[in-house]
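Undergrad: Pasting a structure below so you can have a look.
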Amino acid sequence: MSQHRLRLLAAAVVLVSLIVFAGSSGVVTAEASTSGVVISEFRTRGPVGGNDEFIELRNAGSSAVNIGGWLLQGCSSGTPGNASTRATVSAGVVLAPGQSYLFANPTSPGYSETVPPNQTYGTGISDFANTNYAGIRLTDGAGVVQDGVGSPLSPCREGTGFVTPTSNGPNAFERKLGGVADTDNNVADFDGPKAADPQALGDAAPEVVSTQPANGAIGVATNATITVDFSEAVTVVDPWYTLSCGTSGSHTATVSGGPTSYTLTPTTAFANGESCTFTVLASGVHDVDANDPPDTMTANFTVGYTTASENPCIAAITPIPAIQGSGATAAVTGSVRTRGVVVADYEGASPNLRGFYIQDPVGDGNSATSDGIFVFEGSNADTVNVGDVVTVSGSAGENQGQTQVSVGTITKCGTGAVAPTDVTLPAADPTSLEQVEGMLVRT
């Protein structure tokens, strides 16, 4: 064996020996935050006493992190410092880069800072001492440790721990570099004791993002349902809406769905040709997270629409082949009403297409014009099923090379079926597929 290889082997043996020795010396293996979320600031004792505590998390990474279901734990002061859960982060909490999430202990005399916490916990964290095992640990929902800090003996610590004051006062400890320093060594990463500067996650109030029918819609069916999409998961508490029409008066409805999209089915039909006003009452809509305030919408949300003056299911329409035409783009654009059988359903939130395909069951007998078309809803609605016959009112046009109707109203008119059209793939002339755009085909 060459001298060079002997030297490399000797170096490797020394390195392994050092690693084994370090492991046997009691040094805690660093628990680096794989997510970027760290315990950025904390206090085990404050100006008003031992329960004047808080623990602040911060996303020090570059990507948003969903911390819903994560566990805030405390290591007990007695040997061996077993960890137990103090709080579980509410479902749906997402920290964008730089955002913070604040826990506090309300037990008398309790947390004394003016920044409201996002969550509270009832079992305090012991002061860190040279002779105890106290500490704080953060784990994700799978139990993987994301960060920790503790006394020199604590199993919660990273690297070398430190002690915290035992007398009341401005006893906060914060990670250096504005709360984000993370070298996996507590004594090197934290500054303190110091005046507290806790930060909490600001919560946006829930709001209505879309309705079906939309504001200003016309030709709404007298038996139409109403769909309301919210910006976040909410619970609704009666009275949370009003629905009133010029001729038929006030309406009640059966409510289904949730927590982000609700459907109201009126218990009585609307009259033809009347104006209706639908209002979501701010006080009856509550977000489901625990980060309050805000808890309710900041203002009422109102839409108005007009019902059809005639039955949409038998009203005159622009046939789908006439909208499609024989060219590469739509022959009819703008406001249209058409009818067809649902042949493919791609409703629901993105990455779904948020719409569906309908096809004229008879067609115009012209192989140069497609009998099918895409109906774009633009919301998370789940309105139709394959086989439904629907009348659709909306705006026709082109989108990404495909003719579509951006829906204003949808009326179910029964059920039907369409036979598939045979096609050969690959097509000899790719432009020939324009003739079957949106249709049910068979190869």
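Undergrad: Could you check how many residues of segment 371-404 are under 22 Å from Thr306 (Cα atoms) and touching a Phe, Trp or Tyr at 6+ places or on another chain (Cβ under 7 Å)?
TA: So the count comes out to 2.
Undergrad: Residue under question is Cys313, and the condition is that it be closer than 30 Å to Pro206 by Cβ and touching a Ser or Thr at 6+ places or on another chain (Cβ under 8 Å); does it hold?
TA: no
Undergrad: Under 30 Å from Val209 (Cα atoms) and either crowded, with 16+ Cβ neighbours inside 10 Å or of a type outside the set (Asp, Glu) (or both): which single residue out of Gly363, Gly408 fits that description? Break it down into steps so the answer makes sense when it comes.
TA: Details: Gly363 fails: under 30 Å from Val209 (Cα atoms).
That would be Gly408, the only listed residue that is under 30 Å from Val209 (Cα atoms) and either crowded, with 16+ Cβ neighbours inside 10 Å or of a type outside the set (Asp, Glu) (or both).
Undergrad: Which one is farthest from Asp229 (Cα to Cα), of the residues in segment 347-360 that are among the hydrophobic types (A, V, I, L, M, F, W, C) and surrounded by 18 or more Cβ atoms within 10 Å (Cβ to Cβ)? Before you say what the answer is, go through the steps one by one.
TA: Taking segment 347-360 as the starting set, the residues that turn out to be among the hydrophobic types (A, V, I, L, M, F, W, C) are 349, 353, 356, 358.
Now drop any that are not surrounded by 18 or more Cβ atoms within 10 Å (Cβ to Cβ), which leaves 356, 358.
Values: Phe356: 18, Ile358: 24 Å.
Looking at the filtered set, the residue picked out is Ile358.
Undergrad: Take the residues in segment 62-95 that are touching a Phe, Trp or Tyr at 6+ places or on another chain (Cβ under 8 Å) and over 22 Å from Thr131 (Cβ atoms), then tell me which one is surrounded by the fewest Cβ atoms within 10 Å (Cβ to Cβ).
TA: Among those that are touching a Phe, Trp or Tyr at 6+ places or on another chain (Cβ under 8 Å) and over 22 Å from Thr131 (Cβ atoms), it is Thr88.
Undergrad: A further question follows. Counting only residues that are within 19 Å of the chain's Cα centre (by Cα) and outside any loop (DSSP other than H, G, I, E, B), which one in segment 202-217 is surrounded by the most Cβ atoms within 10 Å (Cβ to Cβ)?
TA: It comes out as Thr211.
Undergrad: Identify, from the list Tyr305, Tyr262, the residue that is in a strand (DSSP E or B), closer than 30 Å to Tyr101 by Cβ, touching a Ser or Thr at 6+ places or on another chain (Cβ under 8 Å) and at pLDDT 95 or above.
TA: Matching residue, one of Tyr305, Tyr262: Tyr262.
Undergrad: Let me ask you something else. May I ask you to verify whether Gly327 is more than 19 Å from Thr227 (Cβ to Cβ) and out of contact with any Cys (no Cβ under 8 Å at 6 or more places or on another chain)?
TA: Yes.
Undergrad: Within the bounds of segment 115-137, is there any residue that is in contact (Cβ under 8 Å) with a residue 60 or more places away in the chain and under 17 Å from Ser35 (Cβ atoms)?
TA: Checked against the condition, which is being in contact (Cβ under 8 Å) with a residue 60 or more places away in the chain and under 17 Å from Ser35 (Cβ atoms), segment 115-137 yields at least one hit.
Undergrad: Would you say Thr183 is of a type in the set (Val, Ile, Thr) and part of a strand (DSSP E or B)? Explain how you work it out, then say what you get.
TA: Details: of a type in the set (Val, Ile, Thr): yes; part of a strand (DSSP E or B): no.
When the stated conditions are applied, Thr183 does not pass them.
Undergrad: Let me ask another. Scan segment 366-392 for residues that are surrounded by fewer than 19 Cβ atoms within 10 Å (Cβ to Cβ) and either closer than 20 Å to Val441 by Cα or in contact with a helix residue (DSSP H, G or I) (Cβ under 7 Å, 6 or more places away or on another chain) (or both) and report the count.
TA: 6
Undergrad: Out of all the residues in segment 218-251, which are assigned to a strand (DSSP E or B), among the hydroxyl-bearing types (Ser, Thr, Tyr) and in contact (Cβ under 8 Å) with a residue 24 or more places away in the chain?
TA: Listed by number, the residues that qualify are Thr227, Thr235, Tyr241, Thr242, Ser244.
Undergrad: Given Pro155, Pro193, Pro170, which one is assigned to a strand (DSSP E or B) and more than 28 Å from the chain's Cα centre (by Cα)? Give the steps one after another, and end with the answer.
TA: Details: Pro155 fails: assigned to a strand (DSSP E or B); Pro170 fails: assigned to a strand (DSSP E or B).
Result: Pro193 is the single residue among Pro155, Pro193, Pro170 that is assigned to a strand (DSSP E or B) and more than 28 Å from the chain's Cα centre (by Cα).
Undergrad: Also, I was wondering about something else. So is Gln99 closer than 19 Å to Val65 by Cβ, buried (at least 21 other Cβ atoms within 10 Å of the Cβ) and under 34 Å from the mean Cα position of the chain (by Cα) or not?
TA: no
Undergrad: If a residue counts only when it is out of contact with any Lys or Arg (no Cβ under 6 Å at 6 or more places or on another chain) and free of Cβ contacts under 8 Å to residues at least 60 places away in the same chain, which strands (runs of 3 or more DSSP E) contained entirely in segment 32-96 have at least 3 such residues?
TA: Strands (runs of 3 or more DSSP E) meeting the threshold: 83-88.
Undergrad: Another question, then. From the list Phe162, Phe173, Phe230, which one is surrounded by 15 or more Cβ atoms within 10 Å (Cβ to Cβ) and touching a helix residue (DSSP H, G or I) at 6+ places or on another chain (Cβ under 7 Å)?
TA: Testing whether each residue is surrounded by 15 or more Cβ atoms within 10 Å (Cβ to Cβ) and touching a helix residue (DSSP H, G or I) at 6+ places or on another chain (Cβ under 7 Å) leaves just Phe162.
Undergrad: Collect the residues in segment 286-336 that are over 30 Å from Thr120 (Cα atoms), polar (S, T, N, Q) and in contact with a helix residue (DSSP H, G or I) (Cβ under 9 Å, 6 or more places away or on another chain), keeping them in residue-number order.
TA: Here is the first cut: in segment 286-336, the ones over 30 Å from Thr120 (Cα atoms) are 300-336.
Of the ones still in play, those that are also polar (S, T, N, Q) are 300, 302, 306-307, 309, 311, 318, 324, 326, 329, 333, 335.
Of everything in segment 286-336, those that are over 30 Å from Thr120 (Cα atoms), polar (S, T, N, Q) and in contact with a helix residue (DSSP H, G or I) (Cβ under 9 Å, 6 or more places away or on another chain) turn out to be Asn300, Gln324, Ser326, Thr333.
Undergrad: Only residues in segment 317-335 that are at positive phi count as the first member; pair them with residues that are part of a loop (DSSP other than H, G, I, E, B), Cβ under 9 angstrom, at least 6 apart or cross-chain, and list the lot.
TA: Gly325/Ala331; Gly325/Val332; Gly325/Ala368; Gly325/Thr369; Gly325/Ser370
Undergrad: Looking at (1) surrounded by 16 or more Cβ atoms within 10 Å (Cβ to Cβ); (2) over 28 Å from Asn272 (Cα atoms); (3) more than 35 Å from the chain's Cα centre (by Cα), which one does Ala344 not meet, given that it meets all the others?
TA: For Ala344, the failing item is (3).
Undergrad: Is it the case that some residue within segment 145-163 is of a type in the set (Phe, Trp, Tyr) and in contact (Cβ under 8 Å) with a residue 40 or more places away in the chain?
TA: no
Undergrad: Also, I was wondering about something else. Any idea how many residues of segment 109-132 are buried (at least 20 other Cβ atoms within 10 Å of the Cβ), in contact with a strand residue (DSSP E or B) (Cβ under 6 Å, 6 or more places away or on another chain) and not hydrophobic (A, V, I, L, M, F, W, C)?
TA: Qualifying residue count for the region: 5.
The values are calculated or read from the model by the stated rules, or taken from the named source; none is laboratory data. Predicted model only: the values in this text are computed from it and were never measured. Quick reminder, even Gly has a Cβ in these numbers, built from the backbone with ideal geometry, and neighbours come from all protein chains shown.
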